[in-house]
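Just so it is clear, none of the values below were taken in a lab; they were calculated from the coordinates. No experiment lies behind these values; they were computed from the predicted model shown. A quick note on method: Cβ atoms are made from the backbone with ideal geometry, for glycine too, and the neighbour counts reach across all protein chains shown.
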Amino acid sequence: MRNVASLLLLGSFALPALAETPSRDLELALAKSLQAVGNSRLDVALNEVDSLLKANPNFKLAQLVRGDLLLARSRPINDFGDAPNAPKDRVQDLREEANARLQRVQQQQPVAVPKYLWQLAPGQRHVVVVDTGKSTLYLFENVNGEPRYVADFYITQGKKGADKAAEGDQKTPLGVYFVNQHLSRDKLTDFYGSGAYPISYPNEWDKRLKRDGHGIWLHGTPSDTYSRPPLASNGCVVLSNDDLTHLGSHLQVGITPVIITRQMEWSDEADRNDRAALLKEIEQWRSDWSNLNTEAYLAHYARDFSSGSVDLPAFAQQKRLVNSGKSWIKVKLSNLSAFPYPNQPGLVVVNFEQDYESNNLSNRMLKRQYWMKRDGRWQIVYEGSA
Amino acid sequence: MNKLKKLSRIAALCVFLSASFAVQADEIQDANKLFKQGQHAQAMEKVNSVLASKPKDAQARFLKGLILTEQGDTANAIKTFTELTEDYPELPEPYNNLAVLYAGQGQYEKAKVALEMAIRTHPSYATAHENLGDIYAKMASQAYDRALQLDKSNASTQTKLAMIRDLFGSGAKSARPAKPTVPTLADNKPVAAPAPTVAPAPAVAPVAAPAAPKQAESATNPAAEVLNATQAWAAAWSAKDSKKYLAFYAKEFKTPGGESRSAWEGQRKERIAKPKSIRVEVRDAKVKLADPAHASVGFKQSYRASHLNTTSSKTLEWVKVDGQWLIVEERSGK
């Protein structure tokens, strides 16, 4: 049994205090049990795992550990998941879950802000950041524009990992997405558990890169399964049902961003300078437009700009035509948010409410732009309604 | 789970109270015989007639439990053994059989508790230890099934069937002398001259056990010394001299349940103090010397206390420390 801890490549470790959620308690109990194994206290290990299974009998990883601990009383065991005739792949899955969860337990609660959260709109009460490298979903709260850590959860991603490119590749997409919809339990089969939140994959950037596929959801687990292995879905992000319910209470359909990265990066000094430069450039764009300084306004758009259907020459032609018919315009931006794109340096997704007034037309719209930093200058590569 | 079929049979209890109730004992012996011949209904009739005059009779109730088990009346068998554990909590056999029945129903947690009780009353009760090992293995396999979604949703049913098949499978088989720990009545008479036995491994020296301790007293060879120590150990136990008895156990002695030394000593003292009298006899002892300082002694231990009379196979592992032989391990069974 001494092998269980060593097979997981773990020595002894400290258990830091983290935000309390039911799943966190469970993870801590599991870690304590494995730690007890490492300390040759199999009785303690079994007690710990028994009590967590009392609350969650469908926690398969804990059942496997319990199996090992019980079997060790009957005969010496040689391997993690030493069940006779155990399917190797399933044992391997659970071993990976053990590793992922134990790494999570050893993580300190984040004190910094992820670099993907340059600006939150006042109406965005929460934001979700998924770190596929750590099998973890972080929930941040918007406290007067400042993201503040609330909780994090163990998640399952696609069987083939992250960076989805094509339909059926069984990968989880990386990018900036938004919660599109909420499907409650009664509209779903048992497979999706306590509910589902489809997200906006493929987004404008994905489409531009010709990435396809659909149906990427945050969802729960079947009723007989507490959690799934780290790599198990067809691309969805899967949480335990309790966690999904907990998370769901903070999600706003059409509003809450879900940013998925392969490796979390945290905000730093350079990052803050970049942010200031971008916000300044956005303001310049607004003012050039408001001042009917059409050529300066159009100079904010990149050579390879596309609205999805219209390229730069067509776009410029149309804007010149419109602007020539105006004696005055006023453009006001509000509820602006800015989310740097993970795994794509220098790309930022910007959303705002645009209040447009002119001598002959007024409208309000939600607009989305993708800004890209090229040769030290921020330019718009995509623009459309959000 | 095929291994978990070790129902304790009647023997230990057959001698229970037999001296004072010879006639009753005869009737029980008859019932036992019928039972072993597979004539369950007739056996039950006899048992019931004993119970009519002596409703509390332990051996009759025990046999009744066995008959009910064989007849597949698990619920009443469980009831019978449970009541026996309540009235005679110091007897390990009813606990063991209760555990086997629970295990047959897939109630491993209950089976485990029952076996732990059996071991608490009788730490060297090999059958309970073996069964407990099997229970742990079964519980492990249950956990594995849940962990890995192995399709064994009816595992408990399979177990039950396996046990029943074993009990009914061959009439002759169920009539076999059940367990090394539960000898037949005849076995209880001390064997006059144990035949010398030869140990299988050529590296070790087989030694025939002397019938009486004094034969080994003057011995200077290690095998004789260790036999001497074994007899002295039994004598200290028989004398209810806890201090002397416990002094035979080495510092590094492996306690049977892995409990602390002090907890184990406390338990032993209590158990040695409790009966009015104890008589421990070592018979058929075989010494295997690993080297001049390490020896293993296997023997039949007959234990008679005021309330209990059992014979079991036992092995003591001895080590010589500073000229003195000390026990480092005590195992029941062969």
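Brief remarks follow.
- Shielding of A:80-87 by partner chains, average beta-carbon count, 10 Å: 4
- Average Cα contact separation per residue, chain A, under 8 Å, 6 or more apart, as relative contact order %: 14
- Centroid-to-centroid separation of the stretch A:232-261 and the stretch B:66-105 [C-alpha atoms, Å]: 53
- The calculated FRET efficiency for B:Ala52 paired with B:Asp73, based on their beta-carbon distance and R0 = 22 Å, is about 0.70.
- Residues B:Glu86 and B:Gln42, FRET efficiency given R0 of 22 Å [Cβ-Cβ distance, rounded to 0.05]: 0.20
- Extending 7 Å from the Cα toward the beta-carbon at both A:Arg377 and A:Asp304 defines two label points whose distance is 1.7 nm.
- Taking 13 Å as the straight-line reach from the Cα of A:Lys280, the aspartates and glutamates in range (excluding those fewer than 8 positions away in the same chain) are A:Asp288.
- Across peptide A:57-69, the mean count of Cβ atoms from other chains lying within 10 Å of each residue's own Cβ comes to 4.
- FRET efficiency, A:Arg208 to A:Asp79 (Cβ-Cβ, R0 41 Å, nearest 0.05): 0.30
- Springs between Cα atoms under 10 Å define the GNM used for chain A, and in it the highest mean-square fluctuation of A:Glu281, A:Glu295, A:Glu27 occurs at A:Glu295.
- Evaluating kT/(6 pi eta Rh) at 20 °C and 1.002 mPa s, with the Kirkwood radius of the stretch A:177-329 over Cα pairs in the Stokes-Einstein relation, gives 112 µm² s⁻¹.
- Within the listed set A:Leu231, A:Leu321, A:Leu251, the Gaussian network model of chain A (springs between alpha-carbon atoms below 10 Å) gives the highest mean-square fluctuation for A:Leu321.
- Between B:Ala290 and B:Gln324, the distance separating the two model label sites (each 7 Å from Cα on the Cα→Cβ line) works out to 2.1 nm.
- Part-to-part distance (alpha-carbon centres) for the stretch A:59-118 and the stretch B:36-52, which is given in Å: 55
- 5 angstrom amide H check on B:Val328, placed H, neighbours 5+ away: B:Ala250, B:Glu317, B:Trp318, B:Val319
- Using just its DSSP H runs of length 4 or more, each adding -39500 (n - 2.57), chain A gives a mean residue ellipticity at 222 nm of -10000 deg cm²/dmol after division by all residues.
- Judged by the ratio a/c of the largest to the smallest principal axis of the C-alpha gyration tensor, the stretch A:269-385 counts as prolate, that ratio being 1.5 or greater while a/b is larger than b/c.
- Of A:Ala72, A:Ala100, A:Ala55, the residue with the greatest mean-square motion in the GNM of chain A, using alpha carbon springs below 10 Å, is A:Ala55.
- Angstrom value of the Kirkwood radius, inverse mean 1/r, which spans all Cα pairs in chain A: 22.9
- Flagged links, alpha-carbon separation over 28 Å, of A:Lys60/A:Lys115; B:Lys33/B:Lys110; B:Lys243/B:Lys286; B:Lys112/B:Lys244; B:Lys112/B:Lys251; B:Lys112/B:Lys276: A:Lys60/A:Lys115; B:Lys33/B:Lys110; B:Lys112/B:Lys244; B:Lys112/B:Lys251; B:Lys112/B:Lys276
- Computed 3J(HN,Hα) for the stretch B:265-280, one whole-Hz value per residue from the Karplus formula 6.51 cos²θ - 1.76 cosθ + 1.60 where θ = phi - 60°, is 4, x, 5, 5, 4, 4, 5, 6, 6, 4, x, 5, 9, 9, 9, 10, glycine and proline marked x.
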